[in-house]
Structure formats: C-alpha cells, structure tokens
Amino acid sequence: MTTIFLCGDVMTGRGIDQILPHPGDPALRESVVTDARTYVTLAERVNGEIARPVPFAWPWGDALSVLDDLAPDVRLINLETAVTAADDFAPGKAVHYRMNPRNAGCLTAVRPDVCVLANNHVLDFGPGGLAETLRTLSGLGIQYVGAGRDVQEAHRAAVSDAAAGRVLTVAAGLKSSGVPPHWAARKDRPGVAYLPSGRRTVNVVPSADVLATSMTPPCASTICFTMKRPRPVPPPPRKDLALVCLYLPNRLLTSPALIPSPLSVTVMTMASGASPLRTI
C-alpha cells in the first residue's frame, strides 16, 4: 500500500508570518488592510491573545500528530506563499502572500517531500521572490514542482521514495485558476509551469533522468499530477477545486468531481509494477 498526503492550500504569509519567531515586513497593499499584523489583532479579538512568538509547528495544530499516526509514504503540499523578504509587489493583484525565509521551519514542521508551486501566489513578489523561494526550499532539502528557474525546471518531475516503489509528481497552472499568462516559465525566464488557454489535453512526459531513476528498483508505481481547476466563471458558477490525477501503469485514477469537463489529462511513462494506493 502506498499512502500519499495531499495538502492545500498552505498559506503561511500575512498573520501567520507575523506570529512566528522571525516576522517579516508586515506591509501589505490590500484595499482594506495595509499591515499584516491587523490579521493577528482580528484573530485575537475573537479567540483571545496569542502568545508570541509561537513555535514553528504551532500553525499545524493537531494535524502533525494525526499525520504521524497515519504515516504517509509521501507528503505533498501546495505552497501558496512566496518564501522571500523581497518587496517587489506584483502589480494588479488584490492579495500578496510572503513569508520570511527565516520562518521556513513552519514548512519543515510538516516534513513535506514535495511543494507544488504551480499556483497564483508563488510570483506575488516577482522573479526575485520566486528565486529566493526556490533557494530556500532547496536549502531545506524539499523538492518543488510546477515552477522553476526556466521552463525545463518548471516542468520537471519530483521523485519520492515509497515503501512500494517511487512516486513522481508534476504540476501545472491555468489562467482560470488565477495564474497570469506572463508568469509562464520560458527557456530564459523563471516562472510557473503554465497550461495555455484553449489547450484541452495535458501530456505529461517525465524527463529522461526521471525515467532512468524510476526504472531502477524499486520501479515507479505512481505518478501524481496536480493542477488547479478553473475558478467560478458565471454562468454557471463552479467551485474552485484542485484536480489530482493519480496514475498507475495502465490506469489513470481521478476523482470525477474534480475534473474540469473540457480538459483531459494524459500521463505518459515507462514505469511498471503498480501497487495499491490511497490518499489522505
């Protein structure tokens, strides 16, 4: 049995960043709130005083002990926060998320194997903020997918070891999920793994080095492809959900409720040797 923990969205900016041991610059450019500490004040008004600073594990609460009991083989989180001290606010956005890199212990507390970055917040503080995010995650030994220093890295798969084999993870974002087209990674530009509007098929082909890794015993048993479903576009209204497709050789497992009807996903791999799978 291979168990995968899927967690999203992880937003450790604004008030969370301010109560951790190393609060970053609290400046915001929202229409109503201009100081991230305002969110702390509002929370305390309802729930009582928060003794600051809180330990890095504090925001996860009881979830950490539950996770330890479940002991998943792979922990996958959708990190919707730039891990940076940059102040290059992306123009035209109503909300910007950033966390001081010195507070990255908040991420390691949950021991993620992979951080998905194909979302509408990873470039909230420009290419410099993305670069610092990538450096921070690499320094922590956390793999990332869905964004990178160039288009090749953005589309690169992560490889995680599991008891029954290896798990490959890739990610992509859509304009309708809030990812601006100009955030797309290019050969000479950092950015997000981006799926252009109007494209109805996603072909995911792991790179040669990933395939080579996956074919060494134990061989790959699962590929996980994550992507954002389109936001509500009236009419008709639709919920904003994450699409998760889990591929076992000769079988593509999906949850039909999470699949945008105009979109199909094709995962191509040379892996073999399927094993039972569950997600939490």
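The values are calculated or read from the model by the stated rules, or taken from the named source; none is laboratory data. Just so it is clear, the structure is predicted and the values come from calculations on it, not from any experiment. Glycine also receives a Cβ, built like all others from the backbone with ideal geometry; neighbour counts cover every protein chain displayed. The area values use the complete protein model at the heavy-atom level, side chains included, leaving out ligands, DNA and RNA. Shrake-Rupley method; radii C 1.70, N 1.55, O 1.52, S 1.80 Å.
Within the stretch 26-54, take every residue that is touching a residue at least 24 places away in the same chain (Cβ under 8 Å) and closer than 19 Å to Lys93 by Cα and give me the one that is farthest from the chain's Cα centre (by Cα).
Across the stretch 26-54, the extreme among qualifying residues is Ser31.
Check Val40, Val32 and return the single one that is assigned to a loop (DSSP other than H, G, I, E, B) and aliphatic (A, V, I, L, M).
One residue alone meets the criteria, Val32.
When the stretch 52-66 is examined, which residues are found to be open to solvent by less than 80 Å² (accessible area, probe 1.4 Å) and in a loop (DSSP other than H, G, I, E, B)?
Once the filter is applied, which keeps residues that are open to solvent by less than 80 Å² (accessible area, probe 1.4 Å) and in a loop (DSSP other than H, G, I, E, B), the stretch 52-66 yields Val54, Phe56, Ala57, Gly61.
Identify, from the list Pro91, Pro112, Pro127, Pro101, the residue that is more than 21 Å from Leu6 (Cα to Cα), open to solvent by 10 Å² or more (accessible area, probe 1.4 Å), touching a strand residue (DSSP E or B) at 6+ places or on another chain (Cβ under 6 Å) and not aliphatic (A, V, I, L, M).
Only one candidate passes the filter, namely Pro101.
Looking at (1) more than 21 Å from Ala154 (Cα to Cα); (2) touching a Gly at 6+ places or on another chain (Cβ under 7 Å), which one does Val116 not meet, given that it meets all the others?
Going through (1) more than 21 Å from Ala154 (Cα to Cα); (2) touching a Gly at 6+ places or on another chain (Cβ under 7 Å) one by one, Val116 breaks only (1).
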